[in-house]
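Peer 1: Quick one: the structure is below, questions incoming.
The values are calculated or read from the model by the stated rules, or taken from the named source; none is laboratory data. Since the model is a prediction, treat every value here as computed from it, not as a measurement. Neighbour counts are summed over all protein chains in view; Cβ atoms, including those assigned to glycine, are modelled from backbone coordinates with ideal geometry. Side chains included, ligands, DNA and RNA excluded: accessible areas come from the protein's heavy atoms. Shrake-Rupley method; radii C 1.70, N 1.55, O 1.52, S 1.80 Å.
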Amino acid sequence: MDTKNHHARKVSLRKRLCQVTWGWYSLSMATGGIAVLLYNTPHQFTGLETIGKIVYIFNLVLFLSITCCLSVRFLSKSTALKESFQHPNETHFVGTCPLALATVIIGAESYGSRSCGPWLQVALRIVFWIYVAIATLEAIFHNWYLYHRGMASKQPFALVRLLPSFPAMLSGTIASVLASKQPPHHALPIIIGGITFQGFGFMMSFLIYGEYFYRMNKSGLPKSAERPEMFIAVGPWSFTALALIGMANAAVEKFPSRYIISYADSSSPETVAVTTGDIALVMAALVGIFLWLIAFFCLCIAIVSVLATCRAFGGAGAPGMSLPYWSMVFPNTGFVIATIRIGSVLESEAILWVSSVLTILQVAIWLVAWVGTIWAVCTRQMMWPEEVQPEEGEKEY
């Protein structure tokens, strides 16, 4: 190799860090989701909670590291932040930051409740409403910006466009975890707020689903490089199912027995036979079951579509490791947790064992994604400036 080309290929650490985009928060989303999944898996063994805590702490470090890398990027160039919002693909992934933050909040409730004092519940209650405010602003102003800039024509893959509304949906998931540990007078508004924003996020996703399925019927499957992002379709159905069941479980304990059921005679000393919480749990379980099935359908379509690109199944070969592959982790984690919630509410040991098997598979996919990402970074397929061309035989990102 001549000296000129050798120096041209030298890239500083700072410049490599500047290649980190908003989409890198998907690594934190996935890792935080795995930590929550390990906490919820029905068949625990000695040391599993410790493993989950390690994964959670690792996710905290990962979240802060990605934030630092983005800070370096935006401080290195005055227009970098503006350009990230103007980029037709990257701008849609800004929402992955609050999504990753949601896994941090849920993990804090899961692993911190038994280790910390009552102050944690107060702090999480405050953080929840701050998160709701951030998710609301994200949904309104980011979606308006995308409409204003006509980004839909620049980002034809419909599923990616639901990401700005996804953080609002995760408000319901956070509420389903936090409400059970809160005092009743605080739990009630958290549950109502969670239902409100879960409904908003789900309906926004439902509108985009229409275009997603229409495009597949009209034009066929997405390009090979986009197919891992088909797993995003699993998320809204799954997270809505698990959130509704989780909030309904909390409602059984936290809702007043005569709440909403106004026809009940409050002067009567007799106990109300069926409470609002009981009704909510039955409805949530039934709704969660049929949402689970459409999530399963989307999961199977995504799996077959990705496998169809592999040479072993007659395809041209799967694309090299890139950020879209991380879409295979977070939405599917929601699907597994939704399966756990359904198995618990139905008291089905068979479903819970299936959930445990799915947990093992999901952790394996997460580990493979990490190995692939580390390998891609080391071989300069990721976090490498596009203007620096790789040598012959190396893959370009």
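Peer 1: Kindly write out, for segment 81-91 in residue order, the coupling ³J(HN,Hα) from the Karplus curve 6.51 cos²θ - 1.76 cosθ + 1.60 (θ = phi - 60°), rounded to whole Hz, with x marking Gly and Pro.
Peer 2: Values per residue, Gly and Pro as x: 5, 5, 5, 5, 7, 8, 5, x, 9, 5, 4 Hz.
Peer 1: Please provide three numbers in whole Å: the alpha-carbon extents of segment 303-345 along the principal axes, with the largest listed first.
Peer 2: Principal-axis extents of the Cα atoms in segment 303-345, largest first: 44, 22, 10 Å.
Peer 1: Grab the other residues whose beta carbon is less than 11 angstrom from that of I190, score K and R as +1, D and E as -1, and report the net.
Peer 2: My count for the surroundings of I190 gives +3.
Peer 1: Provide the gained length on full extension for the span W119 to D278, in nm with one decimal, where the gain is 0.36 nm per separating residue minus the Cα-Cα distance.
Peer 2: On the way: separation 159, 0.36 × 159 = 57.24 nm, distance 3.01 nm.
This chain segment gains 54.2 nm when fully extended.
Peer 1: Let me ask something else. Here are some pairs, K10/K82; K154/K223; K82/K154; K15/K223; which of them have Cα atoms lying more than 20 Å apart in this structure?
Peer 2: Details: K10/K82 27 Å; K154/K223 15 Å; K82/K154 17 Å; K15/K223 30 Å.
From K10/K82; K154/K223; K82/K154; K15/K223, over 20 Å: K10/K82; K15/K223.
Peer 1: Ignoring everything but the protein chains, give the 1.4 Å probe accessible area of C116 in square angstrom, nearest 10.
Peer 2: 50 Å²
Peer 1: Quick one: helix 166-178 against the long Cα principal axis of the chain, what's the angle to the nearest 10°, folded into 0 to 90?
Peer 2: Once rounded, the angle reads 40 degrees.
Peer 1: Something else about it: Apply 1/(1 + (r/R0)^6) to the Cβ-Cβ distance of I57 and T379, taking R0 = 25 Å, and write down the FRET efficiency to the nearest 0.05. Show your work: numbers first, answer last.
Peer 2: Numbers: r = 28 Å, r/R0 = 1.13.
Once the sixth-power term is evaluated, E becomes 0.35.
Peer 1: Sticking with this one: Straight-line reach from K254: which lysines have a Cα under 22 Å away, not including same-chain ones fewer than 8 places off?
Peer 2: K181
Peer 1: If contacts are Cα pairs under 8 angstrom and at least 6 residues apart, what is the relative contact order of the chain in percent?
Peer 2: In percent, rounded to a whole number, it is 19.
Peer 1: May I ask you to evaluate 6.51 cos²θ - 1.76 cosθ + 1.60, the Karplus curve with θ = phi - 60°, for each residue of segment 114-126 and list the ³J(HN,Hα) values in order in whole Hz, giving x for glycine and proline?
Peer 2: 7, 9, 10, x, x, 4, 5, 5, 5, 5, 5, 4, 5
Peer 1: Follow-up. Under the Kirkwood approximation applied to all pairs of distinct alpha-carbon atoms, what is the hydrodynamic radius of segment 177-252 in Å? Please list the in-between numbers first.
Peer 2: On the way: mean 1/r = 0.0697 Å⁻¹.
Taking the inverse mean of 1/r over all distinct Cα pairs, segment 177-252 comes out at 14.4 Å.
Peer 1: At 1.4 Å probe size, with every protein chain present, just tell me what the per residue accessible area of segment 91-244 comes to in Å². Can you show the working numbers first?
Peer 2: Numbers: 5870 Å² over 154 residues.
Per-residue accessible area for segment 91-244 comes out at 38 Å².
Peer 1: Assign one of three labels to segment 308-392, namely rounded, prolate or oblate, based on the Cα gyration tensor with a ≥ b ≥ c the square roots of its eigenvalues; rounded applies when a/c is under 1.5, prolate when it is not and a/b is larger than b/c, and oblate otherwise. All intermediate terms of the calculation are to be shown ahead of the outcome.
Peer 2: Values: a/c = 3.67, a/b = 2.41, b/c = 1.52.
Judged from the Cα gyration tensor, segment 308-392 comes out prolate (a/c at least 1.5, a/b above b/c).
Peer 1: Please list 3J(HN,Hα) in residue order for segment 226-231, calculated via the Karplus relation 6.51 cos²θ - 1.76 cosθ + 1.60 where θ = phi - 60°; whole Hz, with x for glycine and proline.
Peer 2: Once θ is set to phi - 60°, the couplings for segment 226-231 become 9, 5, x, 6, 5, 5 Hz.
Peer 1: Quick one: if you stick a label point 7 Å off each Cα along the C-beta vector at A316 and F290, how many nm between them?
Peer 2: The modelled label-to-label distance comes out at 4.1 nm.
Peer 1: Separate question: What span do the alpha-carbon atoms of the chain cover on each of the three principal axes, reported in whole Å from largest to smallest?
Peer 2: On the principal axes, the chain reaches 92, 51, 46 Å in Cα extent.
Peer 1: Students sometimes get this wrong: rank I106, I126 by accessible area, probe 1.4 Å, all chains present, largest first. Could the numbers behind the result be given before it?
Peer 2: Working: I106 10, I126 95 Å².
Result of the area sort, largest leading: I126, I106.
Peer 1: What three numbers, in Å, describe the spread of the alpha carbons of segment 81-201 along their principal axes, ordered from the longest?
Peer 2: Extents along the principal axes: 49, 25, 20 Å.
Peer 1: Work the Kirkwood hydrodynamic radius out for segment 137-287: mean of 1/r over every pair of different alpha-carbon atoms, inverted, in Å. Present the calculation step by step, with values, prior to reporting the outcome.
Peer 2: Details: mean 1/r = 0.0576 Å⁻¹.
With all distinct Cα pairs of segment 137-287 included, I get 17.4 Å.
Peer 1: Same structure again: Return a whole-number percent for the relative contact order of segment 55-173, with Cα pairs under 8 Å and 6 or more residues apart as the contact set. It would help to have the intermediate numbers written out before the result.
Peer 2: Details: 74 pairs, mean separation 40.5, N = 119.
Relative CO of segment 55-173 lands at 34 percent.
Peer 1: Taking the Cα centroid of segment 109-159 and of segment 316-377, what is the distance between the two, rounded to the nearest whole Å?
Peer 2: 22 Å
Peer 1: On a 0 to 90 degree scale, rounded to 10, what angle separates helix 48-76 from the longest Cα axis of the chain?
Peer 2: 50 degrees
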